[in-house]
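Before any comments, here is the structure.
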Amino acid sequence: MRGSNSLAIPRVVSKSLVARKSKVVAPSSISRQSGYLHTSTFINNINTCRSRNAIASAIPLASTSTYSPTSTYKGIGSRRNYSSSSSSTSIENEVEAIPDISEDDTYDIVIIGGANAGLAFACALLAQPTIASTCKILLLEGSSLDKTRNWSGQGDWENRVSSLTWENISWLESIGVWKHIEESRSCPVDEMVIWSNPSPRSNPTIHFPPLGHPMARMTENMNLQRALLKRIEEVGKGIVDIKEQSKVKSMRLGPGERWVGLNIGEDKWVRGSLVVGADGPNSPVRLFSKIETYGHAYNTHAVVATLNHPISPLYPNTTAFQRFLPTGPIAFLPLSEDSSTMVWSTLPPHATALKRLSPEALTTMVNAGYQLPESTLTSLTDKMIERDNLGKGIPLTSEEINELIAILPIPSTNTNSTDQAILPPTITSIHSPSVASFPLRLSHANEYLGTRTALVGDAAHTIHPLAGQGLNQGLADVRCLSNVLEETRRLGGDLGIKTNLADYPRERYPLNHLILSTTDKLHYIFRARNGLINWLRGTGLEIINEINPLKKILMGGAGASPNSPTSTTAGSSVATAPKRNEKQREFGRSISTDTLGPIGGWQMTAANGVESWFTIKGVAKMAGGVLGGVAREGIRRAAGSLASRK
């Protein structure tokens, strides 16, 4: 771990991830989530402070966090070196003193960021009895929260939609947030189908069947944020102050590093014992804390859009589909009976060409993305990119795309096979304003704790969306950190001291790194196309699909099951079981009236063997427990007998 104040944290470092390790520096453009502090403004303020003629009582740099950039931002792999100078008699090496800060502007915890992670952290703190009864909390947001506060839950679907796992839903319900969710705008995901078929003669698939409760719920970010804000306003009066349109202009450590001062206006300063950065991937709090990150950018952009399709007469729209293509996965995620959201991760030129298509042409391309064989789809997208000519050409029309599909070669399939592709509903239209794209990258902070600072959510890590774990990781972060702070406060400890908060990175860092590393590997494994990898990947999918215990373990690791039972209120749809079970819905057929043929082959034999091993292992574990108990009891009795003889 780098840095003079580094905290020893258990690390689970992937060799492949380390091989691509590079330091990531925040660019000057900040998203809405971190819009309250612009990096360029932050740098200018600090450099101005360093060169300003300071008064005699100024705080020396020995007790002030400073840094000096040695290079401009050049993307992934650029480096920024930080330095802290010792106190000097030179006026040039002193900074202007922080003005006196009143008790009204003094807080125990300051949260920077009013989006998902920041609002969730405030709610998590309000659910902690000691924190809520003894602490004063400030939440700073650079923009207005009126759009969140006044969201009606009506109208068109937003394109910022996240998957909330059952584990996090249970937690949100337990802290009083879920009751404020507009449930008509939150769709359960009861089943999941994942497939990759580079060969037209096979469709290796994993089907995750119902668990007795939704695996997750697709929920608009605005829906979640409004629910979190309502909960804060409901129980946080006198505990949590929210300052909107408050951009942090500078941050400085106070004397003795006992607190952090934050300048949020011309002459307005606040201070906190602990500053928590929930300020997004370009986190200024991370920059202030001199915490570097490692990772890499993917040569991939994610195209998102809201899809419209007919209501199925057979099944409710509660199944998530994801197809892995050579350029990246295309996901179909349910929103309502007749609407779904798409996330198509693909190469940047492909993403640009897709966005330039008309709504009708894009609808045709999305259907092709789910339905065409890989070789035909590749030829079609090549034609689309060629016509787009990096935005200079004339995009293909829907009629031209259909004509290309009619003349492009489509490889023959094994018509006698029962191994048929499982497809989502056919798209009829796309909501044009919802079409957008964003670049993807992986990053992980070297540490989560700085001097009186902590990082949560995207400020600490960013991930590829193929597993839908980004928001869920952030919620797990705030849940863990709030528990650690509660215990620290209960024992009378300082909330800003690293040693008091060590359990937070000790728990979250290895888990986050495992998810980041696994997702990163899956991205490259599923994109690879050659004979051996295709065979290994397809065989692995088919074997996993036949081992129900392994599928349950995988879903549990992804948060599809709560860690502990959570009570639910009567009538709550969160606890409602699905209307059908696995036997009532059979996959592997395109038409509901088709019958399923018997599944055999060596893959089934191998799967049965592995499943038998799980059974044998379970029985052996139970037998070992019984034998161990008998042995312990025998030793205890023998020791008692010897003692009585003495």
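The values are calculated or read from the model by the stated rules, or taken from the named source; none is laboratory data. Being a predicted model, the structure only gives us computed values, none of them experimental. No Cβ is skipped: glycine too gets one built from the backbone with ideal geometry, and neighbour counts run over all protein chains shown. Side chains included, ligands, DNA and RNA excluded: accessible areas come from the protein's heavy atoms. Shrake-Rupley method; radii C 1.70, N 1.55, O 1.52, S 1.80 Å.
Rg then Dmax, both in Å and based on the Cα atoms of segment 99-200: 19.0, 72. If r is the Cβ-Cβ distance from Q245 to S412 and R0 is 45 Å, what FRET efficiency results, to the nearest 0.05? For R0 = 45 Å, the calculated efficiency reads 0.15. Please give the solvent-accessible surface of D108 in Å², to the nearest 10, using a probe radius of 1.4 Å with every protein chain present. About 30 Å², ignoring ligands and nucleic acids.
Once backbone amide H atoms are built at 1.01 Å from N, L325 has I330 as its partners under 5 Å, excluding neighbours fewer than 5 places away on the same chain.
Couplings for segment 441-454, taken from phi via the Karplus curve 6.51 cos²θ - 1.76 cosθ + 1.60 with θ = phi - 60°, read 7, 10, 8, 8, 5, 4, 8, 9, 10, x, 6, 6, 9, 9 Hz in order; Gly and Pro are left as x. Convex hull volume of the C-alpha atoms in segment 491-538, normalised per residue: 82 Å³.
Gain on full extension, evaluated as 0.36 nm per residue between D104 and E337 minus their Cα-Cα distance, stands at 78.8 nm.
Among the trypsin sites (Lys or Arg not before Pro) found in segment 168-227, those both in a DSSP coil and sparsely packed, with 13 or fewer other Cβ atoms within 10 Å of their Cβ, are R201.
Here's how it looks for R452: its modeled amide H is under 5 Å from those of K498, which are all 5 or more places away or on a different chain. Taking a Cβ cut-off of under 13 Å around A216, the surrounding Lys, Arg, Asp and Glu residues balance to a net charge of -2, with basic ones at +1 and acidic ones at -1. Amide H contacts of L253: S65, G261, each under 5 Å away and 5 or more positions distant or on a separate chain (H built 1.01 Å from N in the peptide plane; Pro and chain starts excluded).
Sequentially through segment 220-235, phi angles give Karplus couplings (6.51, -1.76, 1.60; θ = phi - 60°) of 4, 4, 5, 4, 5, 5, 5, 4, 5, 5, 4, 5, 4, 5, 6, 10 Hz, Gly and Pro residues having no value and appearing as x.
Couplings 3J(HN,Hα) of segment 112-124, computed from phi: 9, x, x, 9, 4, 5, x, 5, 5, 5, 4, 5, 5 Hz, in residue order, whole Hz [Karplus 6.51 cos²θ - 1.76 cosθ + 1.60, θ = phi - 60°; x for Gly and Pro]. On a per residue basis, the convex hull of the C-alpha atoms belonging to segment 393-496 measures out at 265 Å³. What do you get for GluC sites (Glu not before Pro) in segment 257-294 restricted to DSSP loop and a cutoff of at most 11 other Cβ within 10 Å of the site's Cβ? Those satisfying the criteria are E266.
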